[in-house]
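Here is the structure we will look at.
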Amino acid sequence: AARRGCALWRRAGRPALGPFPRGRSAVACNVGGGAVPAGKSGLAPWIPVVGLEIHAQISSNTKLFSGSQVQFAAPPNSLVSFFDASLPGTLPVLNRRCVEAAVMTGLALNCSINKKSLFDRKHYFYADLPAGYQITQQRVPIAVNGSLSYSLCIDNKMSQMVTKTVRIKQIQLEQDSGKSLHDDTRSQTLVDLNRAGVGLMEVVMEPDMCCGEEAAAAVRELQLILQTLGSSQAVMAEGQLRVDANVSVHHPGEPYGVRTEVKNINSIRFLAKAIDYEIQRQIEELENGGTILNETRAFDSKLGCTVPMRDKEGKQDYRFMPEPNLPPLILYDAKSLPANMNHQQVINIDWIHERLPDLPSVKREKLVEQYGILPEHSFTLLNEDGLAEFFESVVKQTQMKPKKVIGWILNDLLSYLKQHSLTVKESPVSSFLLAGLLNLLEKKEISSTAAKQVLAELWKGEGKTPLEIVKEQKLELLQDQKELEQICQAVIDGQENEVIMMLLE
């Protein structure tokens with residue numbers, strides 16, 4: 001279908017867009033805001049508008065309304081309760097952990113937490129939704145009116161960064177659907193309900209962004225926040241963080257253009273590419289006299305383009321209605337909490353707020369202030385899972401200054417990890433071994449060239465210490481002047497003819 005979509009675009013008399021050259025995007029992101037340059041028509045510049053809807057799977061042992069376990073890649077239909085399968089007479093029971101995770105996320109994103117929120121049924125018919133409706137929060141969600149600050153580079157220069165903010169419209173609790181597995185060989189579709197009923201937080205962002213780079217930076221910051229809070233593992237490769245991007249373009253002073261929705265993007269890199277492609281596609285379409293359809297599209301990562309999925313001309317009526325089996329969700333704070341209330345049966349917003357961990361922005365500030373490293377280095381440390389902890393562990397175990405340690409971490413260790421596609425936790429060089437190596441270098445027992453040789457040997461994971469490798473390969477720096485003189489004299493004595501010829505010259 002993806003290939004047919006791109007082929008239809010070419011047959012329409014217009015060149016197919018993309019895939020874009022590696023390292024470049026279709027739209028130059030103007031981090032200062034405003035419009036992108038005019039296209040080939042030479043008319044007024046175009047203003048892209050991007051809004052995101054993000055579904056984050058809540059980190060919980062059980063599902064949102066049932067006691068079924070949550071486990072990635074479990075055997076098909078092995079984690080399905082009667083309620084998940086929508087058997088008659090089954091009723092939902094709200095998972096406290098999911099509510100706490102949503103409140104925690106809302107507070108971290110500067111949202112107002114609604115002390116009273118409501119559940120609704122969103123009706124649509126699909127094979128992996130056995131009930132024929134999804135329980136969500138359409139009318140009064142659990143959190144509203146927040147904001148997310150994120151940083152991005154100017155002209156791909158880490159030393160030049162700008163901070164921007166996107167408004168958070170709302171965060172709502174809802175249950176996930178099952179999963180349809182299409183078997184093209186047998187021309188059939190199989191349904192796995194393991195995911196049906198898993199708790200989700202839908203984070204709805206206002207259309208405050210203008211390109212793929214901004215959207216990618218915002219999603220990456222949100223991902224770090226969720227992982228820091230523990231409210232979601234947010235592993236995109238496992239479907240724990242899925243992004244829908246709404247994209248449109250218009251001229252300055254004009255109303256927003258018709259938007260398209262690019263669904264279920266499961267990679268931050270693909271998110272940036274999909275948005276930039278879609279912006280450029282819409283500009284090309286409009287400048288060639290065409291129109292933009294209000295449709296849902298998918299991003300084909302192999303072809304590097306978006307392709308139509310379905311149109312939205314006849315907007316689907318979800319027939320929202322209040323969920324009759326769930327009462328309003330009531331939350332409390334320190335002021336509203338009744339004196340005789342059992343604390344185990346209620347959720348106290350203030351109690352959760354007091355226990356929020358340091359968010360990524362605060363961690364970066366502390367790293368810069370405590371260790372004197374550059375701000376851009378703090379971003380790299382936090383962007384790689386576990387790298388900041390690895391860095392701090394090395395600093396505690398070595399006599400080398402943090403500014404020098406960061407160079408070895410980012411330039412040497414990280415390059416090894418990326419070269420071998422390993423995470424920090426999978427590194428064969430532990431913080432203890434790297435600290436031992438840097439101590440030898442700091443004491444001037446080895447040269448920096450020798451240190452790199454030792455690091456290469458450590459990477460082999462043979463269980464040797466840096467000192468053992470140095471002694472085995474005789475990489476020590478000689479500090480004894482008499483010993484150096486003896487070595488030089490031995491070299492001269494062994495090359496008498498060469499010495500005589502040099503003296504004669």
Q. So which of VAL247, VAL243 is part of a strand (DSSP E or B) and under 20 Å from THR291 (Cβ atoms)?
A. VAL247
Q) Can you find a residue in the range 246-255 that is under 29 Å from THR380 (Cα atoms) and of a type outside the set (A, V, I, L, M, F, W, C)? A) yes
Q. Only one of (1) aliphatic (A, V, I, L, M); (2) in contact with a Phe, Trp or Tyr (Cβ under 9 Å, 6 or more places away or on another chain); (3) surrounded by fewer than 16 Cβ atoms within 10 Å (Cβ to Cβ) is not met by LEU293, so which one is it?
A. (2)
Q.
Within the range 79-124, take every residue that is out of contact with any strand residue (DSSP E or B) (no Cβ under 6 Å at 6 or more places or on another chain) and small (Gly, Ala, Ser) and give me the one that is nearest to ASP358 (Cα to Cα).
A. ALA108
Q. Which residues, counting only those in the range 419-435, are in a helix (DSSP H, G or I), in contact with an Asp or Glu (Cβ under 9 Å, 6 or more places away or on another chain) and surrounded by fewer than 16 Cβ atoms within 10 Å (Cβ to Cβ)?
A. LYS425
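Just to verify a result, which residue in the range 458-475, among those that are closer than 19 Å to SER427 by Cα and part of a loop (DSSP other than H, G, I, E, B), is least open to solvent (accessible area, probe 1.4 Å)?
Residue satisfying both the conditions and the ranking: TRP459.
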(Q) Cβ contacts < 8 Å: first residue farther than 25 Å from LEU148 by Cα, restricted to the range 93-106; second residue open to solvent by 10 Å² or more (accessible area, probe 1.4 Å), any location; separation 6+ or different chain. Result? (A) VAL93/SER66; VAL93/GLY67; LEU94/LEU326; LEU94/LEU329; ASN95/SER60; ASN95/THR62; ARG96/ILE347
(Q) Restricting to the range 371-407, name every residue that is charged (D, E, K, R) and touching a residue at least 60 places away in the same chain (Cβ under 8 Å). (A) GLU376, ASP385
**Q.** Criterion: surrounded by fewer than 19 Cβ atoms within 10 Å (Cβ to Cβ), within 20 Å of the chain's Cα centre (by Cα) and in the same structural domain as SER448 (by the TED database) - qualifying residue of GLY386, GLY407
**A.** GLY386
Q. Would it be correct to say that LEU173 is under 17 Å from ILE58 (Cβ atoms) and touching a Cys at 6+ places or on another chain (Cβ under 7 Å)?
A. yes
Q. Which of the residues that make up the range 270-309 are of a type outside the set (A, V, I, L, M, F, W, C), out of contact with any strand residue (DSSP E or B) (no Cβ under 8 Å at 6 or more places or on another chain) and farther than 19 Å from GLU53 by Cβ?
A. GLN280, GLU284, GLU285, GLU287, ASN288, GLY289, GLY290, THR291, SER301, LYS302, GLY304
Q. Is there any pair with a first residue in the range 45-56 that is more than 17 Å from GLU221 (Cβ to Cβ) and a second that is small (Gly, Ala, Ser) and open to solvent by 10 Å² or more (accessible area, probe 1.4 Å) whose Cβ atoms are under 7 Å apart and which are 6 or more apart or on different chains, and what are they?
A. PRO45/ALA35; PRO45/ALA38; TRP46/ALA35; TRP46/GLY39; ILE47/ALA35
Q. Quick one: in the range 107-137, which of the residues that are of a type in the set (S, T, N, Q) and surrounded by fewer than 17 Cβ atoms within 10 Å (Cβ to Cβ) is farthest from SER149 (Cα to Cα)?
A. SER112
Q.
Please go through (1) touching a Phe, Trp or Tyr at 6+ places or on another chain (Cβ under 9 Å); (2) touching a residue at least 40 places away in the same chain (Cβ under 8 Å); (3) open to solvent by less than 30 Å² (accessible area, probe 1.4 Å) for TYR416 and return the number of the only condition it doesn't satisfy.
A. (3)
(Q) Restricting to the range 436-457, and then to whatever is free of Cβ contacts under 8 Å to residues at least 12 places away in the same chain and either more than 21 Å from GLU426 (Cβ to Cβ) or not aliphatic (A, V, I, L, M) (or both), can you tell me which residue is least open to solvent (accessible area, probe 1.4 Å)? (A) SER448
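For residues that are of a type outside the set (D, E, K, R) and at pLDDT below 80, tally how many sit in the range 310-340.
2
The values are calculated or read from the model by the stated rules, or taken from the named source; none is laboratory data. Bear in mind that the values here come from a model prediction, so they are computed numbers and not experimental data. No Cβ is skipped: glycine too gets one built from the backbone with ideal geometry, and neighbour counts run over all protein chains shown. Each accessible area value is taken on the protein alone, full model and side chains, heavy atoms only, with ligands, DNA and RNA left out. Shrake-Rupley method; radii C 1.70, N 1.55, O 1.52, S 1.80 Å.
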